[in-house]
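What follows is one structure encoded as structure tokens, with my remarks underneath.
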Amino acid sequence: MVEIGVLYYFSYQLLRWVKGTPLFLPVRSLMVLFIAAGASNFLTLGELRLFWRLCLFVYVGTMLLILQPELRRNYMNRLYHHVLLERNTNEEGRTKFIEDLALACQTLSRKRIGALVVLERTNSLRDFTQTGVLVDAFFSPELLFSIFLPDSPLHDGAVIVRENKIIAAGCILPLAEQVEARRKIGTRHRAGIGVTEQTDALAIVISEETGKISLAVHGRMAWDIEAGTLKRMLKILYRRH
């Protein structure tokens, strides 16, 4: 029964792979030969078993010779479409996320709503997500607004984003050890710089007092940038690999 189950599974997958191509009929005929050989083996019909094995050997060899170009073309086409589709989907999703995030930051800036958004890259931020409230929801400007509204219980902490999902909100981050002496900054900015000192994450900080947008990376802060500049910087910097 185990052997039958394994053979059935691989036969089904093979037929699915070649369905809609010129390989479908030859492969289906091959399945019939497999069934006949299996029945002969099960019934211990020695002469027929040898005959069916010989038929299988000849049939498979002949099909490989005849259909070699088709097999190669079919495999390369499927591989190409799979890789291209995955790449385009990932790139389109990343671009849309960055545009939505920049738009959300612009709106928060105009309304002077303080916010701290941390974008995970290669280094895991799991230790920091555990200090907040699990969200695990796809990013949307509306969700970000609801988190950072002054009446929200999570607005004082940081939002941590992995790819295009908000993983956690209300997270506590380490404060920067050193800041520019000429600037008087609040806790959000110190936390934004602090997390980028310890990881390769990006931190977007929106000042509650001035509405200015700043971006921290590798322990350094780009102060008072426009939404368009933020979008361009994220397109360059926000890659996980």
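The values are calculated or read from the model by the stated rules, or taken from the named source; none is laboratory data. As the structure is a prediction and not an experimental result, all values here were calculated from the model. Positions of Cβ are generated from backbone atoms using ideal geometry, with glycine treated the same way; all protein chains shown enter the neighbour counts.
Quick look at the numbers
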{"read-out": "So V83, is it modelled with pLDDT under 90, aliphatic (A, V, I, L, M) and either assigned to a helix (DSSP H, G or I) or within 21 Å of S214 (Cβ to Cβ) (or both)", "value": "yes"}
{"read-out": "Single match in D127, D156, D151 (criterion: surrounded by fewer than 19 Cβ atoms within 10 Å (Cβ to Cβ), under 28 Å from E209 (Cβ atoms) and free of Cβ contacts under 8 Å to residues at least 12 places away in the same chain)", "value": "D151"}
{"read-out": "Of all residues making up the range 137-146, the number that are more than 17 Å from the chain's Cα centre (by Cα) and in contact (Cβ under 8 Å) with a residue 24 or more places away in the chain", "value": "3"}
{"read-out": "Options T196, T122, T107: the member that is under 24 Å from K231 (Cα atoms), touching a residue at least 60 places away in the same chain (Cβ under 8 Å), polar (S, T, N, Q) and outside any strand (DSSP E or B)", "value": "T122"}
{"read-out": "All positions within the range 127-186 that are hydroxyl-bearing (S, T, Y) and under 21 Å from K96 (Cα atoms)", "value": "S140, S146"}
{"read-out": "Condition met for I225 (surrounded by 15 or more Cβ atoms within 10 Å (Cβ to Cβ), in contact with a Lys or Arg (Cβ under 9 Å, 6 or more places away or on another chain), closer than 19 Å to A104 by Cβ and without any contact (Cβ under 8 Å) to a residue 40 or more places away in the chain)", "value": "yes"}
{"read-out": "Count of residues meeting criterion [over 15 Å from V159 (Cα atoms) and of a type in the set (V, I, T)] in the range 198-220", "value": "4"}
{"read-out": "Boolean, L144 is in a helix (DSSP H, G or I), assigned by TED's automatic domain parsing to the domain that holds R232 and either within 18 Å of K231 (Cα to Cα) or at pLDDT below 90 (or both)", "value": "yes"}
{"read-out": "Check on L119, out of contact with any Gly (no Cβ under 9 Å at 6 or more places or on another chain) and either in the same structural domain as G211 (by TED's automatic domain parsing) or of a type in the set (D, E, K, R) (or both)", "value": "yes"}
{"read-out": "Exclusive hit being part of a loop (DSSP other than H, G, I, E, B) and either in contact (Cβ under 8 Å) with a residue 60 or more places away in the chain or not small (G, A, S) (or both), set R239, R188, R232", "value": "R239"}
{"read-out": "Single match in V159, V205 (criterion: at pLDDT 95 or above, in a strand (DSSP E or B) and more than 22 Å from the chain's Cα centre (by Cα))", "value": "V205"}
{"read-out": "Test result for R188, modelled with pLDDT of 90 or more and surrounded by 14 or more Cβ atoms within 10 Å (Cβ to Cβ)", "value": "yes"}
